[in-house]
Amino acid sequence: GLLVLILVPYLHRALPPGPWRPVAVWSTVVFGVAGGLSGVVPLPCAEGSPGCADDASGSLQAAVHDGLTIVSTVAILACMVAVALAVRGTGPRWLAWAGWLSFGFAAITGIVTALSDLAGRDTSVGLAQRLQILGVTVWIVLLGVYLAAEGVRAASVEPTLARRPS
């Protein structure tokens, strides 16, 4: 999560000005910080594991981890939508589509995960959560590809501007 923070200044520069740019940027910051912290505060051991307290799933540690995970997930979903809305008029179109598709995929798998948790059973053995993480990872990679392409484009334009006579 914390490594995603590297993308933030590039994201701010690459997105067109407008109301969705700060939403995309700040939701990426929240995702990175909350995701990083949720890795620092892991879930306690599984109930019934050797040496694990019977009430570990209801501990403060589990609540903090789950809270940070929820915050980071909502933030990355907001980022997907904000980026899609920010580039809808200027392009690239593939990025807008990637944002909407990533949002839909991550939202659906998140809902399935939440419903299975509420039901008190995980019949998918964590499959929905793993798919959601995969979808978020694909989004971050696609966002990185966009930012790298924008960086190359900007670098190729700058020398041309510098050579113009005044």
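When you count the other C-beta atoms within 10 angstrom of each residue and take the mean per peptide, 36-44, 139-147 line up highest first as 139-147, 36-44.
Using the Karplus relation 6.51 cos²θ - 1.76 cosθ + 1.60 with θ = phi - 60°, the per-residue 3J(HN,Hα) values for the range 94-109 come to 4, 5, 4, 4, 4, x, 5, 5, 5, 4, x, 5, 5, 5, 5, 5 Hz, with x marking Gly and Pro. Highest average first, the peptides 81-92, 23-34 ordered by how many other beta carbon atoms sit within 10 Å of their residues are 23-34, 81-92.
Less than 5 angstrom separates the built amide H of LEU43 from none of the residues sequence-distant by 5 or more or on a different chain.
A Förster radius of 45 Å combined with the Cβ-Cβ distance from ILE111 to ARG153 puts the calculated FRET efficiency at roughly 0.75. Ordered from highest to lowest accessible area with the whole protein assembly present and a 1.4 Å probe, ARG153, ARG130 read as ARG130, ARG153.
The 3J(HN,Hα) values that the Karplus relation (6.51, -1.76, 1.60; θ = phi - 60°) gives for the range 69-82 are, in residue order, 5, 5, 4, 5, 5, 4, 5, 6, 5, 5, 4, 4, 5, 5 Hz. Gly and Pro appear as x.
The values are calculated or read from the model by the stated rules, or taken from the named source; none is laboratory data. The model shown is predicted, which means the values in this text are computed figures rather than measured ones. Because the Cβ atoms are built from the backbone with ideal geometry, glycine has one as well, and the counts that use them run over all protein chains shown. Please note that ligands, DNA and RNA were not included when accessible areas were found on the heavy atoms of the full protein model with its side chains. Shrake-Rupley method; radii C 1.70, N 1.55, O 1.52, S 1.80 Å.
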